[in-house]
Amino acid sequence: MATIASDHLRQFIERIETLEAEKAAVMDQLRDVYAEAKGLGYDVKTMRAIVRLRKMESHKRAEAEALLETYKAALGLD
């Protein structure tokens with residue numbers, strides 16, 4: 001049984017290592033895209049915010065935006 005467990009463990013570790021390498025490659029590609037956009041004059045911080053918003057469900061996004069507006073109003077930012 002120890003051999004079977006070690007084989008399974010090795011397979012999990014190898015899968016994790018492969019995924020980590022793929023993740024690093026994707027992160028490099030994302031960095032390149034943001035750098036290209038910045039080079040064309042786009043605001044990367046705003047683009048990242050938009051990407052975050054697009055990931056959210058519409059009702060969650062509406063809640064977050066309403067809360068932000070409430071906080072801004074309370075602090076006199078509008």
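The values are calculated or read from the model by the stated rules, or taken from the named source; none is laboratory data. All of these numbers come straight from a predicted model, not from anything done at the bench. Virtual Cβ from ideal backbone geometry, glycine too; neighbours counted across all protein chains shown.
Some observations on this one:
- Tabulated pairs, segment 43-55, first assigned to a helix (DSSP H, G or I), second not hydrophobic (A, V, I, L, M, F, W, C), C-beta under 8 angstrom, 6+ apart or interchain: 44/34; 44/38; 47/34; 48/34; 53/61
- Qualifying residue in segment 26-42 (condition: in contact (Cβ under 8 Å) with a residue 12 or more places away in the chain, of a type in the set (A, V, I, L, M) and part of a helix (DSSP H, G or I)): no
- Test for residue 66: is it of a type in the set (Gly, Ala, Ser), in contact with a helix residue (DSSP H, G or I) (Cβ under 8 Å, 6 or more places away or on another chain) and either modelled with pLDDT of 95 or more or in a helix (DSSP H, G or I) (or both): no
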